[in-house]
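Asker: Quick one: the structure is below, questions incoming.
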Amino acid sequence: MSKQVMKPRRKAKLPQAPPMEPRHKRTLIVVADGARARFFEPRHDAHTLVPAAQTDMVSPASRLQNQEIVADKPGRGYGSADASTHRHAFDPPHDPHKLEKHNFTVELARTLDGLCDQYDRLVVVAPPRSLGELDTLLTPQVKKRVSHQVPKDLTGASPPDLYRALEKVLPTPVLT
C-alpha cells in the first residue's frame with residue numbers, strides 16, 4: 001500500500017477593510033488681518049461657528065498712526081543746492097505701521113504652528129495682502145493642514161454672518 005500525502009490546506013485570506021477616516025475632522029477657522037486674529041470651530045449640529053479654545057489675538061500697535069508708534073521725529077539734513085538755510089526731514093527706512101503688521105503676522109504664524117497638532121484642517125480667511133504674507137511665513141507642517149484660503153476681510157463679522165459668508169465660498173463638508 002502506498003501512503004497518501006495530504007497537501008497542506010491554504011489559509012483563507014480575510015478581506016481587510018480600507019483604513020477609515022475619522023467621521024468629523026477637527027477644523028479650525030482663522031479670521032485675521034494685520035492687527036487681529038479670531039479663531040473659530042464649526043459646530044456640527046447647529047450650523048454655526050463657535051469660538052475655539054485659543055483666545056483671539058489683538059495687536060493694538062498695528063492700529064496706531066505712524067507718529068504714535070515712533071516717538072522720535074525723523075532726522076533732519078541740509079539740502080545740497082543751498083546748504084545755508086534749507087533743511088528737510090529724512091524718510092525712515094521702514095514704514096513703522098507695516099512693520100507692526102508684519103510682526104503681528106509672524107506671531108500669528110507661530111501660534112498656528114503650535115496649534116496645528118490639535119486640528120486636522122485649517123481654513124484661513126484674511127485680506128489678500130495679509131493672506132499672502134501669512135502664506136510665506138507658515139511652516140510646511142501648517143501648510144499641509146491648510147485646506148482653504150479665503151481672500152476676504154471678515155474680521156469684523158459676527159459668527160452667524162461669518163458662517164453665511166463662508167457657506168457661499170467653502171464646500172459643505174468643511175463646515176460640518
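All of the numbers you see were taken from the coordinates with simple rules; none came from a lab. None of the values given here were measured: they were computed from a predicted structure. Cβ sites come from the backbone with ideal geometry, for glycine too, and all protein chains shown count toward neighbours.
Asker: For a quick check: with amide H placed at 1.01 Å from N, whose amide H comes under 5 Å from Val150's, ignoring anything fewer than 5 positions away on the same chain?
Answerer: Val124, Val125, Ala126
Asker: Just to be sure I understand the model, the point goes 7 Å from the Cα along the line to the Cβ. What's the resulting Arg9 to Asp161 distance in nm?
Answerer: Label-label distance for Arg9 and Asp161, simple model: 7.1 nm.
Asker: While we're on this one: Which order, highest average first, do 105-113, 145-153 follow once you tally other Cβ atoms within 10 Å for each residue and take the mean per peptide?
Answerer: Descending packing order for the listed peptides: 105-113, 145-153.
Asker: What order, most packed first, do the peptides 121-131, 29-39, 160-170 have when packing is the mean number of other Cβ atoms within 10 Å of each residue?
Answerer: Peptide ranking by packing, descending: 29-39, 121-131, 160-170.
Asker: Here's another thing I want to ask about it. So who's got an amide H within less than 5 Å of the one on Arg26, skipping anything under 5 residues away but keeping other chains? H placed 1.01 Å off N, in plane.
Answerer: The answer is Asp120, Arg121.
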